[in-house]
Ligand SMILES: [Zn+2]
């Protein structure tokens, strides 16, 4: 308990030792106390009907395919863009744009209803100041929270599924693809991750060991993982260049 309190009040000027490697603040430091975004429920039929509609639409879209398939239809239905909270289930089907937190919550809901073991996942990704500036303008214009946007690092949410044993796949519900565990450097790469699985277990994503429920740094200097993004076709570059406006 006292350890948590110490982290919260630690002065920014005082470097934190991460593992035995970095003497700088961890990349997830601005977001280390954030919880995964929630879709609120009125506790009435309005929200339950909407939630069931999402689940039934997913069953129809899946059409008997492998339940571990990514629910790409969600990304086709909803454009990624600014969102304000609270957001209720009964509001979701009418929306054209939702943010990464709502898309991750929807993906988690459909995987759960398919009987897939899955966990909400928080991410820190590396982009560029120009991408950040573009997002900041779009989010500020709609009075949405902008604290997820750093200069070159951003907070993001996705959904982890367990494929076998304790091996994970990370679904980027905003992009509509599986994240590449080898992409830990460069534009769009993953710098840190926290998988909201029950504490005490160890999970595996590619060659990364990810302790459940704990922010884990994936940058090269944090884990010693090899260099160079091998994201196929540079697909990660699509996300930041997508215009959230209009
Ligand atoms: Zn409702």
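FYI, it's all coordinate maths here, none of it is from the lab. Not measured: the values here are computed from a predicted model. Counting neighbours? That spans all protein chains shown, and the Cβs are built from the backbone with ideal geometry, glycine included.
Run through the DSSP bridge list for segment 33-241 and note the antiparallel percent, rounded to the nearest 5. Numbers along the way, then the final one.
Working: 28 of 32 bridges.
Counting DSSP beta bridges with both partners in segment 33-241, the antiparallel share is about 90 percent.
Given points 7 Å out from each Cα along the Cα-Cβ axis, report the residue 137 to residue 48 separation in nanometres with one decimal.
4.6 nm
Does segment 18-104 come out rounded, prolate or oblate by the C-alpha gyration tensor, with a ≥ b ≥ c the root eigenvalues, rounded set by a/c under 1.5 and, if not, prolate when a/b is larger than b/c and oblate if not?
Numbers: a/c = 2.56, a/b = 1.67, b/c = 1.53.
Taking the square roots of the gyration eigenvalues as a ≥ b ≥ c, segment 18-104 is prolate.
How much of the DSSP bridge set in segment 149-223 is antiparallel, in percent, rounded to the nearest 5?
95 percent
Using the Kirkwood radius built from alpha carbon pairs, what does the Stokes-Einstein equation give as D for segment 33-241 at 25 °C and 0.890 mPa s, in µm² per second? Mind dumping the intermediate values first?
Values: Rh = 17.6 Å.
In µm²/s, the coefficient rounds to 140.
How long is the gain from residue 65 to residue 112 if the chain were fully straight, where each residue apart is worth 0.36 nm and the alpha carbon distance is subtracted?
Numbers: separation 47, 0.36 × 47 = 16.92 nm, distance 1.57 nm.
Taking 0.36 nm per residue and subtracting the Cα distance, the gain is 15.4 nm.
What is the packing order of peptides 185-192, 172-179, 146-153, taking the mean over residues of other C-beta atoms within 10 Å and listing the highest first? Mind dumping the intermediate values first?
Numbers: 185-192: 21.1, 172-179: 22.9, 146-153: 16.1.
My ranking of the peptides, most packed first, is 172-179, 185-192, 146-153.
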